[in-house]
Amino acid sequence: MLRTGVLPPTLFNLCRPLLLLLPTHIRSCQKLGMVGAGRKSANCSENMEGVKRGTLMVMEGCDRTGKTTQAKQLVEFLNSAGKPTVFMRFPERSTHIGGIIDKYLSNTQELDDRAIHLLFSANRWELLPEIQKVLKSGTNIIIDRYAYSGVAFSAAKPGMSLEWCKGSDAGLPRPDLVLFLDLTPEQALSRGGYGTERYEIQKFQERVRENYHSLKDNSWKMIDADRTIEKLQEVLRTEVLNAVNSVKQKELPLLW
Ligand SMILES: Nc1ncnc2c1ncn2[C@@H]1O[C@H](COP(=O)(O)OP(=O)(O)OP(=O)(O)O)[C@@H](O)[C@H]1O
Ligand SMILES: [Mg+2]
């Protein structure tokens, strides 16, 4: 039973989309054997037809580090190398939850810091069945931003701790590979300046970068992004090929 008493009424209303999603999420996790009996990983290495699961790869980094440019080129590269791969991004603004996030980011809607954090997280959970379906079919995924962005940005706000922010993404699939494009905020700024969205402020980006560095684990590759688009692409291609070729029969672990 969900007890509304643990959240103030306005926060409860704002988080309603997340709460409504939970039963669906739990059902899809049960189907996939991801919850129950204290499981810490999902055995998605093979589907019923014995197809090797796809590789889950994530592009991370502060604003303007080149994530979208590189992710799209990597998807094209892998497909042309005969390794079926799809592009996904977070936030995914096309859903109902994504629409609220879009309004928040473009400064047309105000939300409590915790409420928007949970909505970013809910946006990832609502796409989980799609992620699982694609991976099970043997197709790789490159995601432009993931839970690490969610935590690094929210925890850069006053009064928001890394640990609290990590909570709502616990149990999502842990990527096989995280490509972190590292650039100082000054270098990023020289790429035509930050835009007009809410988080595009240099001081804020510095705190986000520090948070990212506290989140890294052994799935992360720290990539110096201060190179031309072509040089960076060359380095990243080697990393994604290694990941795709080495994932074979390994189970898909869970965050965190
Ligand atoms: N290696 C690079 N060197 C110089 N400029 C670059 C490089 N990569 C991307 N750019 C330029 O920097 C800008 C931001 O690139 P891109 O949108 O790929 O970054 P991003 O990390 O996805 O940004 P955001 O966080 O805002 O989504 C674009 O104008 C792009 O053409
Ligand atoms: Mg981008």
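Within the range 179-215, the GluC sites (Glu not before Pro) that combine a DSSP coil assignment with at most 14 other C-beta atoms in a 10 angstrom radius are Glu197. When you restrict to C-alpha pairs under 8 Å that are six or more residues apart and normalise by the size of the range 49-199, the relative contact order lands at 43 percent. In this structure, the amide hydrogen of Ile143, modeled 1.01 Å from its nitrogen in the peptide plane, lies closer than 5 angstrom to those of Met57, Val58, Met59, Met88, counting only residues at least 5 positions away or on a different chain. Across the range 209-225, computed HN-Hα scalar couplings (Karplus, 6.51 cos²θ - 1.76 cosθ + 1.60, θ = phi - 60°) run 4, 4, 5, 3, 5, 7, 9, 5, 9, 6, 8, 8, 10, 8, 10, 5, 8 Hz from first to last residue, x flagging Gly and Pro.
Backbone amide hydrogens, once placed in the peptide plane, bring Ser219 within less than 5 Å of nothing, excluding anything fewer than 5 places away on its chain.
Placing dummy labels 7 Å off each Cα toward the beta-carbon, the span from His96 to Glu234 is 4.9 nm. Placing +1 on the Cβ of every Lys and Arg and -1 on the Cβ of every Asp and Glu, with nothing else charged, gives the range 83-225 a dipole about its Cα centre of roughly 300 debye.
Beyond 22 Å in Cα-Cα separation lie the following of the pairs Lys103/Lys221; Lys133/Lys216; Lys133/Lys166; Lys83/Lys133; Lys52/Lys231; Lys67/Lys231: Lys103/Lys221; Lys133/Lys216; Lys133/Lys166; Lys52/Lys231. Using DSSP to call loops (not H, G, I, E or B), can you name the GluC sites (Glu not before Pro) in the range 68-169 whose Cβ has at most 14 other Cβ atoms within 10 angstrom? Of the GluC sites (Glu not before Pro), the ones in loops of the range 68-169 whose Cβ has at most 14 other Cβ atoms within 10 Å are Glu110.
Bear in mind that the values in this text are calculations on the coordinates, not laboratory data. As the structure is a prediction and not an experimental result, all values here were calculated from the model. No Cβ is skipped: glycine too gets one built from the backbone with ideal geometry, and neighbour counts run over all protein chains shown.
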